[in-house]
Structure formats: C-alpha cells, structure tokens
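**Student:** Below you'll find the structure I mean.
The values are calculated or read from the model by the stated rules, or taken from the named source; none is laboratory data. Since the structure is predicted, the reported quantities are computational estimates derived from the model, not experimental observations. A quick note on method: Cβ atoms are made from the backbone with ideal geometry, for glycine too, and the neighbour counts reach across all protein chains shown. With ligands, DNA and RNA removed, areas are computed over all heavy atoms of the protein, side chains included. Shrake-Rupley method; radii C 1.70, N 1.55, O 1.52, S 1.80 Å.
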Amino acid sequence: MDAILLQILNGLDKGSAYALIALGLTLIFGTLGVVNFAHGALFMIGAFCAVVLQKILTLQKVVLDNENLTAWGTPSEIKTPYAEIWFGDFGAKLIDYSVPVSILLAIPVMLIVGFTMERGLIKHFYKRPHADQILVTFGLAIVLQEIVKAFFGANPIPQPAPEALRSSVDIGVMLGFAENAIIYPVWRLIYFVFAALIIGAVFAFLQFTTFGMVVRAGMADRETVGLLGINIDRRFTLMFGLAAAVTGVAGVMYTPILPPNYHMGMDFLVLCFVVVVVGGMGSLPGAVAAGFLLGILESFASMNEIKSILPGIDQIIIYLVAVVILLTRPRGLLGRKGVMEE
Amino acid sequence: MSDFKLSRRGLLKTGAVAGAGLATPMFFTSAARAYTNEPTGSTVTLGFNVPQSGPYADEGADELRAYQLAVKHLNGEGDGGMMNTFSSKELKGNGILGKKVEYVTGDTQTKSDAARASAKSMIEKDGAVMITGGSSSGVAIAVQGLCQEAGVIFMAGLTHSNDTTGKDKKANGFRHFFNGYMSGAALAPVLANRYGTDRKAYHLTADYTWGWTQQESIAAATEALGWETVNNVLTPLTATDFSSYIAPVLNSGADVLVLNHYGGNMVNSLTNAVQFGLKDKQVNGKNFEIVVPLYSRLMARGAGENVKGILGSTNWHWSLQDEGSQAFVKSFGQEYGFPPSQAAHTVYCQTLLYADACERAGTFNPCGVAEALEGFDFDGLGNGPTHYRAEDHQCFKDVLVVQGKENPTSEFDLLEVVEVTPRAQVEYAPDHPMFAGGALGECNPGA
C-alpha cells in the first residue's frame, strides 16, 4: 500500500509538469488553432531564466592569489559573489532562493518571448496546413535549443532548491504508516502545490474575468466574436503570451527537480502532445486531467511488480493509452464532439 | 574514318614499354595503393570524430581541445606536454614520420549512424589515415567496425563497455580507456572496505550495451566479496525523471544503490536519489550508500553538491601527481585556462600512441601500426606502467577509485582520488566470459 501511495505521489508530481505544459499547449491550440512544436522550448527557456538569474546573482569578484598557484602554474583565483559583498547575509539568502525569485524574471521574459514568437513567426502560419505549422515550430525549437547550448553548453546546470526546502518529509508517519515507509522530497510537494495553484489561477482567469469570457467565446466561435467588433486576434496573442508564461514558470520551478539542459524541452514535448491528444485537443480540463492521469500511469508502469509481468511497459504505457484513446474516443477524454472525429 | 596501321617498329616499341611496366617490381606499383589513404605529400591527416552536438557535446569539445594540443605537440609547437615524459622517445616534434600533422573533425552527435557517416566522410573525402574519438560505447563499436572495413586504424576515445574490446573487438581498433570489468575490480574492494561485506545492493542500469556490461561487472565483483544483489532494474536511456525507479528502492531492503548510468542519466538519477533522502537513510542498521561506478568530472558538475561522498571509478584525474599527468595538466591548463577531463586525457594519449607506433613501425600502414601497438609497454602518460595487450587491443593500467569531494575549492575540484588500484588487480584473461563471443580477426590495410 505504501509503495502504491508513493507511486501516486510520483505520478502527481510528474503529472504536474505534464499538465502545466499541456495546459499551455492546448491554450494555444484552442485559441489560435496552431500546433506549437516549439512549446517544449518555452519550458526550457523558462528553466534557463533560473539559470541566468543564478549566474547574475553569483557574479563574482575575482582576486588573484599569487602565493597559491594552480596545477598549471597560474595564480589561483579567490572568488566572492558581488551579491554577498554588497548585501551581506541578504545577498547570500537571495542566492539561496534564486529559483523561486526567478519567477519574477521569467514572467516578463516569457511574455515577451511569447509575443515575439507569435507576432514574428507563428501568425504567418495561421492559414497554412498543420503540417507547415509543425515543421516551422519544430525548426524554431531546434534553433532555440542550439542558441541555449551555444551560451550554456550541453551539460546540465544544477539549480539547487533553497537549503531549507532541500530535505524530504516522512509522509507515511502522517498517514499512519510505519516510519520511513513514504519519504518524499519537500520540493516535489511544493511543485505539485505550485502547479495546482497555477492551473487554478488560469481557470479562474478564463472563468471569472471579462477578458477570459471573451477568449472562451472566441475559442467557441471566433467569427461571431469578431463580428461583434471585438479584436479577438489581439486577445489570442495575449493568450499566447500567457501560455508561454505558464510554461516558463513551470520550467523555472522544475529546475531543482532535474538540472536543466538545452534538451529538456524536447524531452517533454512529445509526452505533452500525447497528453493533449488524450485529454482532447483544445480542452483545458482535459489537458490537466490527462496530465495527471498519464503521470500516475507512467509511475505505476515503472513499478518492479508491473515490469516483471510486462517488461518494457514503462517505456510505452503513455503511447499505448494514446492508441487506445484514439481508437475508441478520437476526440479525447474531455474533447469537444467533432474535434478529431469524422 | 581514320586508318589504324600498326608498323612492326611500333609494335616492338609498345611491347617493350608494356613489358617494362609489367616487369617493374611489385613494391613500386603496389606502394601507390598499399593501404587506405597512404600519405603521399608532406602532410598526414588524422580524423577526430567527437560529439560536437548532442548531450555529450561538452565532453566532445574537451576531446577536441586535447587533440588540437596533441597535434601542436607532434608538430613541435608548445611545450611538448607528455611527449617529454613518454617512455618511448621516437617522437621528435617533427610531425609523424617527418610529415606535418593535419586534422579534420567530424560530429558523432552521439549517434551510431551519424558517427559512421562522419568517419566515412573523413576517410573517403578528407583522406584521414586514422580515426579517433567518441564519447559513447555504442558509437565506438559502430565506428570501430567501419574502420575495420575501410582499412584504417581506430583509436577509441571514451568508451567503457566491455564489448568494445570484448565481443565487438576488431584488429584495427585500439582502446586506451578502461572498461566496466576494471571498474568493478577496482571499486569492489574499496566498497567492501568502506561499507563492509554484508551489504544488499540495488542496481539501476541504463538499458544498452554499456549499462548491461557495467552492471554485470560490478555485480560480479561485489558478490565475490559477499554482497547480495537484491534487484537490477533496467531504465530507458531516454528517461529523465527517475523518481518512479528510485521510490521502490526505499522499501526494497537494499542498503546500497548502484547507479549504472552515465551522462544526463547519471546526473538525473543521482539528483533524484539524493532528493529522496537516500544518502541520509538508515537501513539494516547501516547508513544507506550510493555508488556511481563510472565517474566523469564534466558530468559530476551537472550533479552539483549531490556527488559529495559518492564513490566511483575513473580512468584518470588531473590531480594526479606523477610527472606525465603534471606535464599534461600544465600544458592543457596554460592553453585553455582549466584542467583537462579524463576524456581529454585518453584521446591525447591515443594520439601520441598512434604517432609513436607509426614512428616505430616506419609506416602509416595500419597493419604495421597495429603490430607496433600490440604488446607495447610504455610509461609516462599518466597512468603508470601500461600494456597494450595484443590479444584484444585493450590497455591495462592502474585504475582510480574516486569520491565526490566534501569541500571543493573550485568548480574543477569535484573529485578526490581515494585509491590507485594497481594494474595487476584489474587484469583478466583474454578469454574471460564477460569478453567472450568475438574475434579480433585480421588486420585490414584497405585499398
């Protein structure tokens, strides 16, 4: 039982990332009708906002120590971050909390990246076939990741969580299990809560604001909303920016879980497309539900008991579910009738 | 229409010329195409096939730096590096066999097909007489096979699978780097010494040739010292989040986790294992331990503080104090401003070893070079007395057991050497079962 609970937690955690990325993807598809293969790159750029801020905060004053030489004969360097020199303990704290603080940087950066991407490239492909959209956005994703690699290298760059949040908690004891039965990292729990808050905020924004109402109306019938004199295109552009920001902050908060590298967007991209298809193209609740569902299924499939019966199932489970869904319910779990159907 | 008349005098002349041609000793005519890409001008071209894109691009960049340094030294520029400490004194800084060394590079992308394509291009279009490099066993085995067919020497870069000089060994291929068996043989006694002989190990293993052979090697070596292997779970090479593979470890009864992962897999699985509190856990009345059998400093940087205290093995480390290592670190550090990685070290050595073998053989002919390398004993290249075994083309030398440093003084100072395992302890018979199943075959000089 404790093993199952642990895998449910893992699944929810994985599902949080899937759901956040898939939410952004489906927002773009639902509003602009664009299949955005550069969406994984937005997740990666968000993560690298955290890397950039950490690099800025840890810019160091270098003093040469002529008395101690390196192994290759040059004076060794004594490095002290400027943040610590200027701000003392506050500076050290700021460096420690650089990942959550990065959200403040990531939101405006991602909005700008989103607007630029939509206005500069994607809007020219609205009336082109989906295949063209996929090709151009996939190409863009490759260009973006190569740019990041040129600046930051190919190796992962560790982004530790704040020291106070690096430990793990014994959830098992809280739920009445034996000691050490269910131990879970604090930051992963924070990520799950964070994802739930972001998802809730996006839904509230679309549900309870006039702007959101117009966007929803535009998603249902773009032409009629346009005929009412509303500039729906501008709102959809803003939604692209919002989707980019949601994905970007998901990337920022993910960095302590796995050190970011230039390729991390591609690692998530295909999975998140499957999530969107399973949830139902254009369905926001579908994307979220499918994200968590597939995260949990993937975790269960990785259990030794399951793998011993079905070897390799952990590698194909998500695609297997997608095949079954596409065969039996092409519109996806919560998709609108008619979408992806004859 | 023209008439063609052959006079008696003309027939005699033509016959004399043709006869002279046919009578010319074979070595004059065959020398022009005695072997693939025989250098005919004043230069010789080497092909450096390294990952310049893809997940191991940083390792590839470090390999390329080392190759460029080796070429400089071979051509008599710079301080000479390990040429000064190398026990063989054939290299004079005037290129190889008097020919200036030039090079071309290829991008393996850490994909077998791309690596073969770039090696093929360097052989066929650029006239490379030797191919070297790589940062993956899958790639090394693929390129080694291609070089065997093409008739050029392959000096492997970073490849740790037993299969490279085991079931997939080739007469034209040579490996300086150590392998999974040697990691196990070096690491197991240190593990038993530190953590005791009554241990239960849980293995997570990358699901491809390198992972399988390393897991087999480590399990065999640790079991021989009394450890029990509780489980071995194969993880997909494409996995990023290992939490669902780490979670079952918590309640498996194991008190050691062995991560048979490399590169991004290693960084992520180790990060996940530490996040789940495994390093602080107590099981069976003992501290839970994590082991990373193959360490790389470049990869260790990605895992950050998580490497602290974790034991593993490595082919070479820049902190070694022997004359050869110090010469190389000085030369590389002055050129680039930071110390070399183990990947840089092994490819630098391979380049010098190839050049030296050409000098000793007096030819670039792959068969002559192979013969010179087979059974060659040398020293001064940073790993102590080393032997290139003729039977499988594997180098035998001391192996380093390292540990993540608790208090690193710089971003390069991440690992510390805890033991230099003597060569005798990591040697094995050429027909050892873990290396069985292949044959070296005959050397192929190509065209």
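**Student:** What helices (runs of 4 or more DSSP H), lying completely within region A:192-294, carry at least 2 residues that are touching a Ser or Thr at 6+ places or on another chain (Cβ under 9 Å)? Please lay out each step first, then the result.
**Tutor:** Numbers: elements: A:210-220, A:222-227, A:232-254, A:264-279.
Result: A:210-220, A:232-254, A:264-279.
**Student:** OK, next. Please specify each residue of region B:288-317 satisfying the condition of being assigned to a loop (DSSP other than H, G, I, E, B), within 17 Å of B:Leu414 (Cβ to Cβ) and within 13 Å of chain A (Cβ to nearest Cβ). Working first, answer last.
**Tutor:** If we filter region B:288-317 for residues that are assigned to a loop (DSSP other than H, G, I, E, B), which is where we start, we get B:288, B:295-296, B:309-310, B:315-317.
Filter once more, so that each one left must be within 17 Å of B:Leu414 (Cβ to Cβ): B:295-296, B:309-310, B:315-317.
Within region B:288-317, B:Ser296, B:His317 qualify.
**Student:** Further, regarding this structure: When region B:435-447 is examined, which residues are found to be out of contact with any Ser or Thr (no Cβ under 9 Å at 6 or more places or on another chain) and open to solvent by 60 Å² or more (accessible area, probe 1.4 Å)?
**Tutor:** Within region B:435-447, B:Gly437, B:Ala439, B:Glu442 meet the criteria.
**Student:** Quick check on region A:25-45. Is at least one of its residues touching a His at 6+ places or on another chain (Cβ under 8 Å), surrounded by 14 or more Cβ atoms within 10 Å (Cβ to Cβ), assigned to a helix (DSSP H, G or I) and away from chain B (no Cβ under 13 Å)?
**Tutor:** The answer is yes, given that some residue of region A:25-45 is touching a His at 6+ places or on another chain (Cβ under 8 Å), surrounded by 14 or more Cβ atoms within 10 Å (Cβ to Cβ), assigned to a helix (DSSP H, G or I) and away from chain B (no Cβ under 13 Å).
**Student:** For region B:168-204, name all the residues that are within 19 Å of the chain's Cα centre (by Cα) and not in a helix (DSSP H, G or I).
**Tutor:** Filtering region B:168-204 for residues within 19 Å of the chain's Cα centre (by Cα) gives B:168-186.
Matches in region B:168-204: B:Asp168, B:Lys169, B:Lys170, B:Ala171, B:Asn172, B:Gly173, B:Phe174, B:Arg175, B:His176, B:Phe177, B:Phe178, B:Asn179.
**Student:** Could you say which residue among A:Gly40, A:Gly30 is touching a Gly at 6+ places or on another chain (Cβ under 9 Å) and at pLDDT 90 or above? Quick ask: steps written out before the conclusion?
**Tutor:** Details: A:Gly30 fails: at pLDDT 90 or above.
Unique residue meeting the criteria: A:Gly40.
**Student:** Which one of the conditions (1) surrounded by fewer than 24 Cβ atoms within 10 Å (Cβ to Cβ); (2) under 20 Å from B:Thr351 (Cβ atoms) does B:Ser135 fail to meet, given that it meets all the rest?
**Tutor:** (1)
**Student:** Could you list, ordered by first residue, the pairs with Cβ atoms under 9 Å in which the first is in region B:81-99 and under 16 Å from B:Leu381 (Cα atoms) and in contact (Cβ under 8 Å) with a residue 24 or more places away in the chain and the second is surrounded by 15 or more Cβ atoms within 10 Å (Cβ to Cβ) and among the basic types (Lys, Arg), at least 6 apart or interchain?
**Tutor:** Correct list of pairs: B:Gly81/B:Lys72; B:Gly81/B:Lys330; B:Ser88/B:Arg360; B:Glu90/B:Arg360.
**Student:** On to the next question. Which pairs have Cβ atoms under 6 Å, sit 6 or more apart or on different chains, and link a residue in region A:144-159 that is within 12 Å of A:Phe48 (Cα to Cα) to one that is aromatic (Phe, Trp, Tyr) and part of a loop (DSSP other than H, G, I, E, B)?
**Tutor:** A:Gln145/A:Tyr262; A:Val148/A:Tyr262; A:Lys149/A:Tyr262
**Student:** Another one. Given A:Gln7, A:Gln54, which one is open to solvent by 20 Å² or more (accessible area, probe 1.4 Å), within 12 Å of chain B (Cβ to nearest Cβ) and assigned to a helix (DSSP H, G or I)?
**Tutor:** Working: A:Gln7 fails: open to solvent by 20 Å² or more (accessible area, probe 1.4 Å).
Going through A:Gln7, A:Gln54 in turn, just one is open to solvent by 20 Å² or more (accessible area, probe 1.4 Å), within 12 Å of chain B (Cβ to nearest Cβ) and assigned to a helix (DSSP H, G or I): A:Gln54.
**Student:** Does B:Ala390 meet the test of being hydrophobic (A, V, I, L, M, F, W, C) and at pLDDT below 95?
**Tutor:** Considered against the rule, which asks whether it is hydrophobic (A, V, I, L, M, F, W, C) and at pLDDT below 95, B:Ala390 comes out as no.
**Student:** Can I ask one more? Residue by residue through region B:128-138, note down the ones that are more than 9 Å from the chain's Cα centre (by Cα) and at pLDDT below 95.
**Tutor:** B:Gly138
**Student:** Of all residues being aromatic (Phe, Trp, Tyr) and either surrounded by 17 or more Cβ atoms within 10 Å (Cβ to Cβ) or touching a strand residue (DSSP E or B) at 6+ places or on another chain (Cβ under 9 Å) (or both) in region A:106-155, which is modelled with the lowest pLDDT? Just the residue, please. Steps first, please.
**Tutor:** Step one: of region A:106-155, the residues aromatic (Phe, Trp, Tyr) are A:115, A:125-126, A:138, A:151-152.
In the following step, the residues that additionally are either surrounded by 17 or more Cβ atoms within 10 Å (Cβ to Cβ) or touching a strand residue (DSSP E or B) at 6+ places or on another chain (Cβ under 9 Å) (or both) were identified as A:125, A:138, A:152.
Details: A:Phe125: 88, A:Phe138: 93, A:Phe152: 91.
By that ranking, first place goes to A:Phe125.
**Student:** Ok, one more. Within region A:191-200, can one find any residue that is within 14 Å of chain B (Cβ to nearest Cβ) and under 30 Å from B:Asp255 (Cα atoms)?
**Tutor:** For region A:191-200, residues within 14 Å of chain B (Cβ to nearest Cβ) and under 30 Å from B:Asp255 (Cα atoms): present.
**Student:** Quick one: is A:Ser167 among the polar types (S, T, N, Q) and surrounded by 19 or more Cβ atoms within 10 Å (Cβ to Cβ)? It would help to see each step written out before you state the result.
**Tutor:** Working: among the polar types (S, T, N, Q): yes; surrounded by 19 or more Cβ atoms within 10 Å (Cβ to Cβ): no.
No.
**Student:** Can you find a residue in region A:87-105 that is open to solvent by 50 Å² or more (accessible area, probe 1.4 Å), away from chain B (no Cβ under 14 Å), within 17 Å of the chain's Cα centre (by Cα) and more than 24 Å from A:Gly153 (Cα to Cα)?
**Tutor:** yes
**Student:** Are any residues in region B:12-64 open to solvent by 70 Å² or more (accessible area, probe 1.4 Å), more than 14 Å from every other protein chain (Cβ to nearest Cβ) and modelled with pLDDT of 50 or more, and if so, which ones?
**Tutor:** Residues satisfying the conditions are B:Leu12, B:Lys13, B:Thr14, B:Val17, B:Ala32, B:Arg33, B:Thr40, B:Ser42.
**Student:** Out of everything in region A:84-136 that is touching a Pro at 6+ places or on another chain (Cβ under 8 Å) and among the β-branched types (Val, Ile, Thr), what residue ends up being nearest to A:Met44 (Cα to Cα)?
**Tutor:** Filtering region A:84-136 for residues that are touching a Pro at 6+ places or on another chain (Cβ under 8 Å) and among the β-branched types (Val, Ile, Thr), the one nearest to A:Met44 (Cα to Cα) comes out as A:Val99.
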